[in-house]
Amino acid sequence: MAAGEPTAEEREQARRRVEQYRALSARVDALRRRGEASHAALDATRELLEQNTELHTVWGYRRRAFAGLAEWQDPERRQQLLEAELEFMQRMIRRNVKSYWMWGHRVWVLEALPRPRWAHELALAAKLLAVDARNYHGWNYRRFVVARLRAAAPDGGRAVDESEFAFTTEQITRDCANHAAWHNRSRLLPAILAARDPPARAAALAAEDALVLNAIYTDPDDQNAWLYCEWLLDIQPDDQARCRLLRARVAAIRELLDLDEACRRPLAELAAALVELDRLDPGAVAAAERAECMRVLERLAADPLQAGRFRDQRAALGRQWGVAAQTQEKVAV
Amino acid sequence: MSEAADPPQLLVEKHVAFIQGLDKKQDELEYWMTEHLRVSGIYWGLVALGLLGRGDALDRDEVVAYVLGCQNADGGFGGHTGHDSHLLYTMSAVQILAMCDALDRVDAERVVGYVAGLQDRATGAVSGDEWGEEDTRFAFIAVAVLSFFGAEQRLDVAGVVRFVERSMNYDGGFGSGPGGESHAAQVYTCLACLAIAGRLDVVRRDRLSAWLAERQLPSGGLNGRPQKLEDVCYSWWALTSLHILGRPHWINRERLAAFILSAQDPAAGGIADRPGNVADVYHTCFGIAGLALAGFDGVPLAEIDPVYCMPRAVVERAGLRQWTQHVPAAWHAEETE
């Protein structure tokens, strides 16, 4: 628009593109209204979907057209038709990896296949995540495939869980800011722990703590490891274990702050850990640490992006601990 | 804040003209390529216009007639005349009819029957259409659409709540379904669903509020997941979630408003996903909705309902503000000075 007016030729080209698209769209519409299930219908819908992946009505018609073919009743023939459809999807997904409708169609194909190759689908999902490690659809698709592999596994899915867990370790080791990988790990860990005896379970929990601390040391300001760190408290066996973990964490954070006291997030986490410790074990946080906590929150509230949050927390703590708002206490920011 | 330049303005007239002009672009391929979501486009346009106090800028009778014509024999609505039904468009259609004060023009029983038929009674989950894709978005839509007709009891609401609860994650957020990664837009649909169902008690308020507050980036804009780019549409999804949680002040609303205003197209009107990109009606809607939530007062904006995403007056007229009674008492906004 700002780049100058289109030439007459460009306008003519644009007009022709509109005309062609509308003609194709009208052709598919006419076939659909007749309810035609034929190879002609499959060709026409493919041609239209190649131009526009977002037409859920056309994807739906394509599925009906498949199911209405006489040869659909022959499992061998159906296998061939749907394998070709998977290849078509492969090309399309490469073009638009974020289409809900397309992923939905792929799920339909897999479920309609007489002999689906789930391991192959898992490899495909891995390839996709190698290109874009955070792709929302890629992870959802991976979980869909894994659920099928689990359902078919003779060991109740234990090996699948372990290998998925290892996959998240690999992803986190590559990039410890991968929220999708940490998330998936949190979804897998409870089953992994449940399958172990108590000593092995304790060892596995300790290994999680080591992994998360390592990630925190790699990038103390990244939120992902801290989120997981907070959740690890939830799944400890009891409050005693939680308090032990919190004390260890407070020590680790102090060490971090000694290295670089400009890190904002470790400060917030220090305050959060002390507050939680105080809640679990009243009296465990001494007056000096409480005062430190209040100072930290005041310092954090100076950040214009987060002021509301930390002011609220500080006020709530002040009420709880009976400390006055302490504004007279000057803090070096 | 002390910006040297004049504070940026909300280009009301430009945005009104942009929305009015959407239906006059038949010579552009994009017009035809987006035909399948025309009903949603009208919804986005009407929300933006309603907030700007210009709800009359589109021809009401024409809109109502067109939308009613998108209802199919199964009772659901397609995104355009003759297109297959889907919950996404059924929601938009019902919201449009509510904004046009024409809910009485639709055969409620057919809509209710369509929506109720999409629930899997074993798991509580709701599909978007006959093909069976399940998502927390559809769980919210089912409960919301039925609430317009006072027919929530036609669903197993406790089952829907169980499905939403199973979609809750370690970070306090919600994904597209059980196992799905937390995402600010899914968080909104889950909170809105729980608000209507009166079950906000299942939410981990502190953890989720902190996660949502982290969505704000130095530009002032909000993202949908950690490490992602800011996008104007999250001004709605994330901030309205914080509103429901009683913590809208956990982000910097002035900076957010400035970010949204910077994504306006000063020439053609409309708002883009981020500054410099091409504007569209979706981001125009959620940009203006974000400004309304952020308390932007450069021009008077109508108040927006955080659950139903329509002007509050519309939601009141439809008798749908009961959700505010379901918010736990401790959640009422307690901003500390």
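The values are calculated or read from the model by the stated rules, or taken from the named source; none is laboratory data. From a predicted model like this one, the values you see are computed outputs, not experimental measurements. Cβ placement follows ideal geometry from the backbone for every residue including glycine, while neighbour counts extend to all protein chains displayed.
Among the residues making up the range A:181-198, those that are away from chain B (no Cβ under 11 Å) and either touching a residue at least 24 places away in the same chain (Cβ under 8 Å) or within 12 Å of the chain's Cα centre (by Cα) (or both) are A:A191, A:I192, A:L193, A:A195. Whether any residue in the range A:74-89 is more than 18 Å from B:M33 (Cβ to Cβ) and either within 14 Å of another protein chain (Cβ to nearest Cβ) or touching a residue at least 40 places away in the same chain (Cβ under 8 Å) (or both) is what I want to check. Yes, some residue in the range A:74-89 is more than 18 Å from B:M33 (Cβ to Cβ) and either within 14 Å of another protein chain (Cβ to nearest Cβ) or touching a residue at least 40 places away in the same chain (Cβ under 8 Å) (or both). Take the residues in the range A:1-54 that are of a type in the set (D, E) and closer than 21 Å to A:I93 by Cβ, then tell me which one is nearest to the other protein chains (Cβ to nearest Cβ). Among those that are of a type in the set (D, E) and closer than 21 Å to A:I93 by Cβ, it is A:E54.
Suppose the filter is modelled with pLDDT of 95 or more and surrounded by 11 or more Cβ atoms within 10 Å (Cβ to Cβ); does A:A14 pass it? No. Of all the listed residues (B:V161, B:V94, B:V115, B:V111), the sole one being touching a helix residue (DSSP H, G or I) at 6+ places or on another chain (Cβ under 9 Å), β-branched (V, I, T), part of a helix (DSSP H, G or I) and more than 25 Å from A:V58 (Cα to Cα) is B:V161.
Are any of the residues in the range A:164-180 within 14 Å of chain B (Cβ to nearest Cβ), of a type in the set (A, V, I, L, M) and closer than 21 Å to A:I235 by Cα? Yes, some residue in the range A:164-180 is within 14 Å of chain B (Cβ to nearest Cβ), of a type in the set (A, V, I, L, M) and closer than 21 Å to A:I235 by Cα.
Residues checked against (1) surrounded by 13 or more Cβ atoms within 10 Å (Cβ to Cβ); (2) of a type outside the set (S, T, N, Q); (3) touching a Cys at 6+ places or on another chain (Cβ under 8 Å); (4) at pLDDT 95 or above:
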{"site": "A:E71", "(1), (2), (3), (4)": "no, yes, no, yes"}
{"site": "A:D74", "(1), (2), (3), (4)": "yes, yes, no, yes"}
{"site": "A:R78", "(1), (2), (3), (4)": "yes, yes, no, yes"}
{"site": "A:E85", "(1), (2), (3), (4)": "yes, yes, no, yes"}
{"site": "A:S99", "(1), (2), (3), (4)": "yes, no, no, no"}
{"site": "A:W108", "(1), (2), (3), (4)": "yes, yes, no, yes"}
{"site": "A:W118", "(1), (2), (3), (4)": "yes, yes, no, yes"}
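Those helices (runs of 4 or more DSSP H) of the range A:217-333 in which 1 or more residues are within 28 Å of A:N184 (Cβ to Cβ) occupy A:223-234, A:239-259, A:264-280, A:307-321.
Quick check: is even one residue across the range B:196-209 without any contact (Cβ under 8 Å) to a residue 40 or more places away in the chain, within 16 Å of A:S186 (Cβ to Cβ) and either acidic (D, E) or surrounded by 24 or more Cβ atoms within 10 Å (Cβ to Cβ) (or both)? The answer is yes; a qualifying residue exists.
Tallying residues that are of a type in the set (G, A, S), under 18 Å from B:I196 (Cβ atoms) and part of a helix (DSSP H, G or I) within the range B:309-328 yields 0. The residues on offer are B:V143, B:V203, B:V161, and the sole one that is away from every other protein chain (no Cβ under 14 Å) and out of contact with any Gly (no Cβ under 9 Å at 6 or more places or on another chain) is B:V143. Taking the listed residues A:D234, A:D258, A:D238, A:D281, the one that is of a type outside the set (A, V, I, L, M, F, W, C) and closer than 25 Å to B:A213 by Cα is A:D234, with no other qualifying.
Scoring B:Q227 on the criteria (1) surrounded by fewer than 19 Cβ atoms within 10 Å (Cβ to Cβ); (2) at pLDDT 95 or above; (3) over 19 Å from the mean Cα position of the chain (by Cα) leaves a single failure, condition (2). Find the residue count for the range B:232-241, including only residues that are touching a His at 6+ places or on another chain (Cβ under 8 Å) and either in a helix (DSSP H, G or I) or surrounded by 24 or more Cβ atoms within 10 Å (Cβ to Cβ) (or both). Within the range B:232-241, residues that are touching a His at 6+ places or on another chain (Cβ under 8 Å) and either in a helix (DSSP H, G or I) or surrounded by 24 or more Cβ atoms within 10 Å (Cβ to Cβ) (or both) number 1.
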